[in-house]
Amino acid sequence: MDSITTNNCTIHFNNICYSSLNEHIKERNFSKIFILVDENTHQYCLPYFLEKLETTIAIEIIEIESGEINKTIDTCVGVWNTLSELNADRKSLLINIGGGVITDLGGFVACTFKRGIAYVNVPTTLLSMVDASVGGKTGVDLGHLKNQIGVISNPDLVLIDTYFLNTLPQNQMRSGLAEMLKHGLISNENYWNKFQDLSKLSLDDLDELIYESVAIKKNVVEEDPFENGLRKTLNYGHTLGHAIESYFLSNPNKTTLLHGEAIIIGMILASYISTELAGFPKQIAHHIKTLFIDYYGKVTIDKSEYATIIELLKYDKKNNHGNINFVLLENIGVPRIDCLVDDAIIIDAFEFYAS
């Protein structure tokens, strides 16, 4: 388990992360190194990372506030201004150390500063390791609408060091696991079956499962880098999941959901819709619901909230020609893209989740 190369970006794992980074810095002769962190990764991850860095190049630390609520253009403006004030030039390197917010936003900042500087992602959450760090998607939210502004551009390197998972609270681990479960559902039954007893998974198991999950996403992205076909399958559960996440983020009476927590609900809903429109076996849909709710618990969504969540679907990035496009499953490992779904079936799916 060493490296995976995809679309001009190499993803390194564990032991060889830092020797590869140090060699890359030496070869590219960067003028200056900037490291983007939030207050959590500044405290828990940066000291460990700096111990591994071997360079005489000047290093500047830029800290932003953590959380999806800060994944905005305003935050980017702050980082752009800081880079400018610290004399960053086109030969500078930006290293993003953190979860999906840091890697998405930091990647976008790098791609747009002086029309593009080099960047490296160091994902520190399970979610960012298996999802945000792979595939070159960068960007920020527009208000409470997820990932509306961004570009696709790959980092020079991605360094996946599972040491950082030791710093994570349990809810963040569960959030990341949701994307791995999705990879199993859309790709192959063998991988999916490895998650049938979630309570018994250890960090040692995760190393191999993370590698497999990254490989699954890498294969999809490599075949369809700009999301014209196959890459859309990675959005399974995300159409409704993102709408639910946005709704909970914008509603002051709701406890904000982590990305993976919202996607778990989205996948349960998508599994039910798949039984209605794609012939997905009903017993598997029930099994998915039971497995997910046993591990993640159930979130209360009132009937009066369905219409507001459904209204948010129109902002989904995969929509075209006024159509809301769902990814559904014919079976495990057999996804179907660009499916249209009536509101009545979506409401039935919410009822299935609540029942």
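The values are calculated or read from the model by the stated rules, or taken from the named source; none is laboratory data. Here the structure is a predicted model, which is why all the values come from computation and not from measurement. As a convention, Cβ positions derive from the backbone with ideal geometry for all residues, glycine included, and neighbour counts pool all protein chains shown. Side chains included, ligands, DNA and RNA excluded: accessible areas come from the protein's heavy atoms. Shrake-Rupley method; radii C 1.70, N 1.55, O 1.52, S 1.80 Å.
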- Message: For segment 114-264, what does the accessible surface come to per residue with a 1.4 Å probe? Please give it in Å².
- Response: 36
- Largest-first ordering by accessible area, 1.4 Å probe, given options Val334, Val214: Val334, Val214
- Given the chain, what percent of its DSSP beta bridges are antiparallel, to the nearest 5? 35
- How much length is gained on full extension from Glu65 to Arg115, taking 0.36 nm per residue of separation minus their Cα-Cα distance? 15.5 nm
- If you take the Cα Rg of the chain and divide it by 2.2 N^0.38 Å, with N the number of residues, what do you get? 0.98
- Compute the FRET efficiency between Asn193 and Glu330 as 1/(1 + (r/R0)^6), taking r as their Cβ-Cβ distance and R0 = 22 Å, and round to the nearest 0.05. 0.75
- Quote to one decimal, in nm, the extra length available between Ser355 and Phe226 on full extension: 0.36 nm per residue of separation minus the C-alpha distance between them. 42.6 nm
- Note on the structure: Taking every C-alpha to C-alpha distance in segment 176-278 and binning by 10 Å from 0, the per-bin percentages run 14, 40, 35, 11, 0
- Rounded D (µm²/s) - segment 1-118, Kirkwood Rh over Cα pairs, Stokes-Einstein at 4 °C, 1.567 mPa s: 87
- Expressed in angstrom, Rg and Dmax over the Cα atoms of segment 121-249 are 14.6, 39
- For Ile57 and Thr5, extending 7 Å from Cα along the Cα-Cβ vector and measuring point to point gives, in nm, a value of 2.1
- Carbon and sulfur together cover what percent of the accessible area of the chain at a 1.4 Å probe radius? 47
- Quote the FRET efficiency, to the nearest 0.05, computed for Asn15 versus His321 with a Förster distance R0 of 56 Å and r equal to the Cβ-Cβ distance. 0.70
- Estimate the FRET efficiency between Thr255 and Asn87 by the formula 1/(1 + (r/R0)^6), using the beta-carbon distance for r and 35 Å for R0, to the nearest 0.05. 0.25
- Hey, if you put +1 on the Cβ of every Lys and Arg and -1 on every Asp and Glu Cβ in the chain, which of Tyr306, Gly116, Ile324 ends up farthest toward the positive end of that dipole? Gly116
- Query: Considering only protein heavy atoms, what per residue accessible area in square angstrom results for segment 298-355 with a 1.4 angstrom probe?
  - Reply: 52
- Query: Taking Cα atoms, how many degrees apart are the long axis of helix 238-250 and the longest axis of the chain, rounded to 10 and kept between 0 and 90?
  - Reply: 70
